[in-house]
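Below is one structure; the comments refer to it alone.
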Amino acid sequence: QIFNQHNAEAPNLEQAFHRMAQMEPNLDHDVSWFLLPSYWAKMVVALISFLCFANSYDGDFVFDDSEAIINNKDLRAETPLGDLWYHDFWGSKLSSNTSHKSYRPLTVLTFRINYLFAGGFYPVGFHVINIILHCTISVLMVDVFSILLGGLQFSNKGRRLNLAPKSSLLAALLFAVHPVHTECVAGIVGRADLLCALFFLLSFLGYCKAFRENKEGHTFSVFWVLVSVILGAIAMLCKEQGITILGLNAVFDALVINKINLLELIRKLLYKDKSLENAGLLRKGLLFRITLLMCGGASILYIRWRIMGTGPPAFTEVDNPASFADSLFVRAINYNYYYSLNAWLLLCPWWLCFDWSMGCIPLIKSVSDWRIIALAALWFCLIGLICQALCSEDSHKRRILTLGLGFLIIPFLPASNLFFRVGFVIAERVIYLPSIGYCILFTYGFSLLSKQAKKKKILAVAVLGILLINVMRCALRSSQWRSEEQLFRSALSVCPLNAKVHYNVGKNLADKGNQSAAIKYYREAVRLNPKYVHAMNNLGNILKERNELHEAEELLSLAVQIQPDFAAAWMNLGIVQNSLRRFEEAEQSYWTAIKHRKKYPDCYYNLGRLYADLNRHIDALNAWRNATVLKPEHSLAWNNMIILLDNTGNLAQAEAVGREALELIPNDHSLMFSLANVLGKSQKYKESEALFLKAIKANPNAASYHGNLAVLYHRWGNLDLAKKHYEVSLKLDPMAPGTKENYNLLRRKLEQLQKKGG
């Protein structure tokens with residue numbers, strides 16, 4: 001598995017591969033920084049990266065964690081492992097029209113392992129793994145940066161040399177403490193980026209191993225090139241960006257291993273210079289290795305395409321408004337503005353937000369918009385760096401700048417909207433890998449400043465200050481990611497125009513029972529985005545519960561008008577119409593909801609309630625039966641069936657349904673209570689008593705449970721026990737209907753018995 005190279009330049013090439021790189025100006029000469037042994041450098045990086053994000057270990061499941069983890073059936077043992085290879089990141093079938101086509105089966109597999117080991121959805125284990133992954137990646141960065149900044153050289157014994165220990169330590173620290181990484185580390189869903197980065201780096205290091213000198217004196221190992229391709233494929237199975245490592249390996253090969261001058265190569269290709277082959281710029285080994293990388297990458301993409309299907313993911317205008325703009329000019333100018341904002345987040349990661357969509361960044365529609373300055377600044381810097389990377393006479397400078405730009409730009413390409421539409425405006429998680437390039441450029445810039453500065457220590461103190469500020473910012477941001485309330489509220493000052501931010505704050509408040517405050521944020525979300533149907537639906541729900549039915553109906557009607565297939569809004573509209581006693585319209589709304597969502601147990605449950613109100617008992621029972629078929633643990637539907645059959649005198653059928661329900665949901669105290677009532681009426685007192693007592697044990701503060709058990713004892717003739725439970729019921733709820741009357745009847749009866757006994 002070793003490729004032996006033979007050509008006219010074999011002696012020079014063998015010598016070059018024997019030393020693996022010519023000695024170049026050492027970046028560390030100009031860097032005023034700490035010099036630590038490799039082991040201690042890695043320990044320091046691991047410790048500091050741990051300190052940055054340690055306070056996120058006991059955080060909750062927040063934001064996207066709910067859909068990707070809690071509601072993802074692929075994590076549960078009953079889902080076959082094979083299904084992971086045909087489902088997207090969120091547990092939907094890749095063939096589905098609603099799938100986002102995010103194919104990350106290995107990431108989902110790690111979530112599943114977390115879930116199984118923890119024995120349920122306990123977030124601590126998930127967070128700990130994320131922190132460990134980031135620490136591991138940061139440690140690997142010491143080796144990666146030592147190669148990127150110092151070149152690739154091996155000792156006579158085949159051990160890789162670190163020619164830039166100070167620079168690689170600084171760059172690794174910059175990476176470890178960058179606040180933009182908080183979303184990936186503190187947000188559990190960010191594990192996709194962490195796993196992708198881990199295998200991305202392992203692929204790069206594996207590719208470097210292909211050039212290690214061996215005993216036979218061969219030049220490079222095909223085995224390690226293939227290992228690098230396989231690791232790149234694994235990275236892509238964790239997240240799509242992973243495939244870009246194959247392109248970066250090719251760039252590294254050309255610049256570091258073959259020392260190609262890109263400008264010279266371009267010039268010779270343009271002028272068809274016959275000296276191109278003699279110049280040794282396109283050596284056979286390089287072409288062979290690039291062919292391997294290209295074939296590997298093409299195979300991986302083809303397999304991915306076959307699994308995903310030909311249909312692109314479906315995104316909406318609110319997810320990425322620029323991509324829906326009719327004008328090519330508007331699209332191009334806004335894409336470039338997004339790039340400039342991503343660059344600014346790398347330079348100054350102070351304004352961080354969990355979501356940048358829904359009006360957070362208004363579209364630039366004309367050249368008179370002052371934000372054009374950001375585009376000009378971005379391209380001024382990029383063009384300046386590219387010119388230096390291509391035209392500088394210093395080969396060391398050319399190599400570092402080109403590698404820095406390569407690692408900055410190439411991993412970002414899948415998120416750039418250039419090849420396909422993405423489902424976000426800005427996402428901090430996608431900058432995790434490109435930040436490698438930023439750290440290279442920052443470190444190189446620091447070395448240049450150190451070279452010119454007379455007081456190098458002051459410059460070193462300034463960089464230490466930046467690192468310290470970043471550590472503090474990471475700790476603060478990690479604490480914000482610990483709960484949804486803190487996370488959502490932190491975004492209000494960063495993206496006040498983002499309707500989704502206000503929606504999420506409102507939803508969080510509503511979940512905690514603060515409806516008045518939730519209404520305020522929902523209204524603001526609808527004001528900022530008048531087509532925000534989910535905000536309308538949730539606001540309509542709250543207004544419905546507050547009996548503000550007419551406004552609720554207006555909002556829900558508008559929501560289904562904007563999005564006619566919004567099943568939840570149709571169901572909620574039906575509930576409001578039912579409350580307004582417009583039964584025909586309510587029935588139509590329910591059936592429309594079911595039309596758009598075939599398996600909708602809650603809608604069948606509400607449809608059953610409508611039929612019960614209309615005394616259409618058979619239709620009601622059928623609707624509730626449909627609900628329990630679709631969702632066997634639907635306690636309310638089971639209860640309503642038992643109660644309706646009980647009320648209509650079908651005690652035997654009610655008993656059968658109650659027993660069936662308890663087999664499926666054996667610990668549901670409300671079902672025990674309903675069945676106990678039926679058994680009591682059927683004079684099965686002993687069994688009824690056992691169920692009442694079991695229900696009371698599960699829910700001892702339910703006044704009705706004690707009251708109905710008292711009625712049972714009253715009928716059964718156990719008057720003392722009846723008196724005891726009547727009194728408990730009245731203590732829990734003095735206004736309990738019927739209980740006081742029954743208690744008074746019992747007391748009179750007991751008094752009569754005492755008189756007779758006397």
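In the set (1) open to solvent by less than 60 Å² (accessible area, probe 1.4 Å); (2) of a type outside the set (Phe, Trp, Tyr); (3) modelled with pLDDT under 95, SER589 fails one condition alone, (3).
Tell me, please, whether a residue that is modelled with pLDDT of 90 or more and either assigned to a helix (DSSP H, G or I) or polar (S, T, N, Q) (or both) can be found in the stretch 23-30. Among the residues of the stretch 23-30, not one is modelled with pLDDT of 90 or more and either assigned to a helix (DSSP H, G or I) or polar (S, T, N, Q) (or both), which makes the answer no. Count of the stretch 629-678 residues, restricted to those that are out of contact with any His (no Cβ under 7 Å at 6 or more places or on another chain), under 20 Å from ASN708 (Cα atoms), open to solvent by 40 Å² or more (accessible area, probe 1.4 Å) and among the β-branched types (Val, Ile, Thr), is 1. Residue count for the stretch 93-112 satisfying the condition of being in a loop (DSSP other than H, G, I, E, B) and either within 12 Å of PRO313 (Cα to Cα) or open to solvent by 70 Å² or more (accessible area, probe 1.4 Å) (or both): 10.
Would it be correct to say that CYS474 is within 30 Å of HIS178 (Cα to Cα), open to solvent by less than 10 Å² (accessible area, probe 1.4 Å) and at pLDDT 95 or above?
Here the answer is yes, as CYS474 does meet what is asked.
Mind checking whether some residue in the stretch 416-439 is among the aromatic types (Phe, Trp, Tyr), open to solvent by less than 70 Å² (accessible area, probe 1.4 Å) and in contact with an Asp or Glu (Cβ under 7 Å, 6 or more places away or on another chain)? Yes; the residues of the stretch 416-439 include at least one that is among the aromatic types (Phe, Trp, Tyr), open to solvent by less than 70 Å² (accessible area, probe 1.4 Å) and in contact with an Asp or Glu (Cβ under 7 Å, 6 or more places away or on another chain).
Of everything in the stretch 599-628 that is without any contact (Cβ under 8 Å) to a residue 24 or more places away in the chain and of a type in the set (A, V, I, L, M), the residue that is surrounded by the most Cβ atoms within 10 Å (Cβ to Cβ) is ALA623. Among the residues of the stretch 53-81, those that are open to solvent by 40 Å² or more (accessible area, probe 1.4 Å) and in a helix (DSSP H, G or I) comprise ASN55, GLU67, ILE70, LYS73, LEU81.
The residue of the stretch 222-274 that is least open to solvent (accessible area, probe 1.4 Å), among those that are within 21 Å of LEU413 (Cβ to Cβ) and hydroxyl-bearing (Ser, Thr, Tyr), is SER228.
Can you pull out every residue in the stretch 527-552 that is of a type outside the set (S, T, N, Q) and open to solvent by less than 30 Å² (accessible area, probe 1.4 Å)?
Result: TYR532, VAL533, ALA535, MET536, LEU539, GLY540, ILE542, LEU543, LEU549, ALA552.
Of all residues in the stretch 722-753, those that are part of a helix (DSSP H, G or I), out of contact with any Leu (no Cβ under 8 Å at 6 or more places or on another chain) and within 19 Å of ALA676 (Cα to Cα) total 4.
Scanning the stretch 487-495 for any residue that is small (Gly, Ala, Ser), buried (at least 19 other Cβ atoms within 10 Å of the Cβ) and either in contact with a His (Cβ under 7 Å, 6 or more places away or on another chain) or over 23 Å from ALA427 (Cβ atoms) (or both) turns up nothing. Restricting attention to the stretch 717-727, the residues being free of Cβ contacts under 8 Å to residues at least 24 places away in the same chain and in contact with a helix residue (DSSP H, G or I) (Cβ under 9 Å, 6 or more places away or on another chain) number 7.
The values are calculated or read from the model by the stated rules, or taken from the named source; none is laboratory data. Bear in mind the structure is a predicted one, so any value in this text is a computation, not a measurement. In this analysis, Cβ positions are derived from the backbone assuming ideal geometry, glycine residues included, and neighbour counts consider all displayed protein chains. Protein only, heavy atoms only, side chains kept; ligands, DNA and RNA dropped before computing areas. Shrake-Rupley method; radii C 1.70, N 1.55, O 1.52, S 1.80 Å.
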